[in-house]
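Before any comments, here is the structure.
Since every read-out is calculated from the coordinates, none of them should be taken as a lab result. Bear in mind the structure is a predicted one, so any value in this text is a computation, not a measurement. Counting neighbours? That spans all protein chains shown, and the Cβs are built from the backbone with ideal geometry, glycine included.
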Amino acid sequence: MATPEDVLARAEALRNSLPSGFRDEVVQSLYAEAERIARRAVKTAADRKYDLDQRIDRLVTAPVSGLLIMLLLLTVVIWTTVSGANVFSEMLATVLFGFGDWARALFVSWGVPWWITGFIWDGVYLCLAWVVSVMFPPMAIFFPAFTLLEDLGYLPRVAFNLDWLFRKAGAHGKQSLTMMMGFGCNAAGVVATRVIDSPRERLIAILTNNFVPCNGRFPTLIMLATIFVAAGFSGVTASFIAAGAVVGVVLIGVAFTFFMSWLLSRTVLRGEASAFTLELPPYRRPNVLRILYTSLIDRTIFVLWRAMLTAAPAGAVIWLLANIPFGNTSLAIAIAGWLDGFGRIFGLDGVILLAYIIAIPANEIVVPTMMMMYTGASMMVEGPGSSEAIRALLVEQHGWSLLTAVNLMLFSLLHNPCGTTILTIYKETRSYKWAAMSVMITLGTAFLVTFITASLARLISHLI
Amino acid sequence: MTTRTPPADPCATCPAYAHLERMGIKMDTFDRVVALAGNPNTGKSTLFNTLTGLKQHTGNWPGKTVTRAEGGYQFNGVRYKLVDLPGTYSLLSTSQDEEVARDFLLFGQPDCTIVVTDATALERNLNLVLQVLEITDKVVVAVNLMDEARRKGIEVDARALSRDLGVPAVPISARNGEGIMSLLSTVADVIEGRIATNPCRVEGTPAFQKAIRELTPLIEQLAPGIPNARWLAIRLLEGDARVQQAIRSGELADIVRRQRSPEEQLSSTMAIVGRQ
């Protein structure tokens, strides 16, 4: 009489004796049989739409053209976002900062105490104005573009294209769906992992979701790519180079997603990738009004509102830090000074690290916080002018180099999830351990990678 | 389960004279259990509502529904309990909805399973049909949405389908009641053995077949009377954690016993899901 363990051991041995791809073979022969039977039983009158769907799918899901089309669509979406957002951002900034200056002058003329004027207009309002002008334009362009692809039925095709890569990484193919949701918002991406059946693969998807930049981080990437990487170019060329840099960063993030999934599935979350069926829905004509509603009201306004809720108190904190005296300087400058040496190891500086600490509740406020501290320190509270003005401020007064910009982009891509996402991870996993793991994995990767690039840069400058 | 005497009037089995009575949730006594399986959005719940007179929420998404709905109908004097399983694309993965569906097919031993398919997307739907055929041979394939298929210029040859699948295929349109009587009499015929089925099974490679043949008797030793040891053997070979766990804890036999009573079935499934 066989015991349960005997049977399991025998099954294990038999499984190992079979060629490694046998599960795929079983599923494939099932599908082949279904296709054969359907072909015999179904007669389709020449239906052009049906044919068109299939022809598109053949192109969109083929190994080479599928990946190229994916890359092309990603580039188009990001290029549209980058080039559109710049113009729109500058316009918004002019209006919002102009209003701030006007209101501030009004307060001064009324004789309101300086600390009230400062707290409201140089703290809370300035941070809100920064968040809105930096965040709103990219989101208002990115979200409709993303929703358009979603409604067309393109996202399941991406999952199909990337499935083999995720399987190689020991992760679930549906992770590409949750990864794509992460572009919108990582917290939403973490919730979306519910579509993944196995707890092991779901955890992998949760822990690696943060490696794709969310909408809160896109503005940082776009600004840095525009001001530094594309500096020296003009017009359309500049927007292409900036978009190319952002696409590059996104691809690095995707590469880290695969690498970390692979690492996790070979260490703490060991196991095999499971098979799944994913329906490729028919392509549907998108409803423009519905897309605009979903993307602008449900997504853009929702995310922007959440960002503003953290931006207001953050603005207050920044103003307080910048105005509470500490020795013969302010608390902000003192803290940034302490962090500076540590930041330099990673090609960053103290202000950047402080900005990331203040921005833990929401990544959206990293740029505003950083800029407010830089401008505050050099007494330029009137806000940003053009890209050239920002570039001049960062390079000439704060010693930024291309390395700073590149490392900040990498750090922004790889660092810890925002507060909302960490909380969501805890809620979804019901485990402090995994929530803490998500922070340690990402932060560790961010510090390691920026340390390597900074060291390489130092080495090269030594040699030259 | 109570047994019943066959209908005295031979005409009663003829679709033209058939009589359907919707019984809602009154199922204190029933003679036969029929499971309703199928891909999501194939009109499975519409068929369930048509047969039982209930108003189950239609239009579900895969993964959202993890429970099964039950209702009853009486056809030609026989009382059937109809169990609407969650809509799934396959029975291969380990998500909760697929587990509810496949546990019921495996261990609930329904007298017949209707697999509802979408005539406009038959190929995709057949994947699930073939997987159900791996588990049970008492199957009737309902080719639904025939009206939509005709509009799209799609013709389905139900006879060729029946021949290839080895189980009857009945074209229906649950929305406007087309083919329902024919479906119900076919179900009755399959249950009573008036229609013999010979389900198409995907064979796989010789090595795979050999491994299955070796493993199947071992599983039968562990859980005598298990309805489908072969299917469990396939799952074990594929490394299905859920089946491994059921074997390790010796709960296979329990599941066979418990699957019969509706409340306990659900709680046992949930308990297994919860333990994972």
Residues in the range A:410-443 that a label on A:ARG266 would reach, taking backbone N under 17 Å of a point 7 Å out along Cα→Cβ: none
Footprinting exposure proxy for B:TYR80, A:TYR154, A:TYR31 (fewest neighbouring C-beta atoms within 10 Å first): A:TYR31, A:TYR154, B:TYR80
Mean residue ellipticity (222 nm) of the protein assembly as shown, computed from DSSP H runs ≥ 4 via -39,500 (n - 2.57), nearest 500: -19500 deg cm²/dmol
Between 0 and 90°, nearest 10: helix A:48-60 axis offset from chain A longest Cα axis: 70 degrees
Paramagnetic reach from A:TRP115 (point 7 Å along Cα→Cβ, amide N under 16 Å) across the range A:304-336: A:316-327, A:330-332
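Test of understanding: ordering A:PHE183, A:PHE119 by Cβ neighbours within 10 Å, fewest first, what list do you get?
On the way: A:PHE183 23, A:PHE119 17.
Going from sparsest to densest Cβ surroundings: A:PHE119, A:PHE183.
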Inter-chain shielding of B:118-128 (mean C-beta neighbours from other protein chains, 10 Å cut-off): 5
Virtual paramagnetic centre 7 Å along Cα→Cβ of A:ARG458, amide N under 12 Å, in the range A:322-344: A:341-344
Calculated on alpha-carbon atoms, Rg and Dmax of the protein assembly as shown in Å: 31.1, 105
Selection from A:ASN215, A:ILE56, A:PHE22, by position along the positive dipole direction of chain A (Cβ): A:PHE22
Helix A:155-168 axis, angle to chain A major axis (alpha carbon atoms, nearest 10°): 80 degrees
Computed FRET value (nearest 0.05) for A:ARG194 with A:PHE342, which takes r as the C-beta separation and R₀ as 35 Å: 0.35
Charge dipole of the protein assembly as shown about the Cα centre (unit charges at C-beta), most positive-ward option of A:ALA392, A:LEU423, A:LEU72: A:LEU72
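Normalised by the empirical 2.2 N^0.38 Å for globular proteins, what value does the Cα Rg of the range B:109-224 take?
Here the Cα radius of gyration is 1.22 times the empirical estimate.
What length, rounded to one decimal in nm, is gained on full extension from A:ASP101 through to A:ARG430, with 0.36 nm per residue of separation minus their alpha-carbon distance?
On the way: separation 329, 0.36 × 329 = 118.44 nm, distance 4.70 nm.
Computed gain between A:ASP101 and A:ARG430 is 113.7 nm.
What FRET efficiency would be calculated for the residue pair A:VAL87, B:ARG201, taking the C-beta separation as r and a Förster radius of 56 Å, to the nearest 0.05? Walk me through the numbers before you get to the answer.
Numbers: r = 63 Å, r/R0 = 1.12.
Given R0 = 56 Å and the Cβ-Cβ separation, E is 0.35.
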Ranked B:MET146, A:MET372, criterion: other C-beta atoms within 10 Å, fewest first: B:MET146, A:MET372
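Which of the pairs A:LYS43/B:LYS44; A:LYS168/B:LYS44; B:LYS44/B:LYS152; A:LYS168/A:LYS433; A:LYS174/B:LYS44 have their Cα atoms more than 28 Å apart in this structure? All intermediate terms of the calculation are to be shown ahead of the outcome.
Values: A:LYS43/B:LYS44 23 Å; A:LYS168/B:LYS44 36 Å; B:LYS44/B:LYS152 20 Å; A:LYS168/A:LYS433 26 Å; A:LYS174/B:LYS44 25 Å.
Where the Cα-Cα span goes over 28 Å, the pairs concerned are A:LYS168/B:LYS44.
FRET efficiency for A:ALA62 and B:ASP189, Cβ-Cβ distance as r, R0 = 45 Å, nearest 0.05?
Values: r = 46 Å, r/R0 = 1.02.
That gives a FRET efficiency of 0.45.
For B:218-224, what's the mean count of beta carbons from other chains sitting within 10 Å of each residue's beta carbon? List each step's numbers first, then the result.
On the way: counts 7, 4, 0, 5, 6, 1, 0.
Across the residues of B:218-224, the mean count of other-chain Cβ atoms within 10 Å is 3.
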Angle between chain A longest axis and helix A:402-414 axis [Cα atoms, degrees, rounded to 10]: 50 degrees
Dipole magnitude of the protein assembly as shown, debye to nearest 20 (Cβ charges: Lys/Arg +1, Asp/Glu -1, about Cα centre): 460 debye
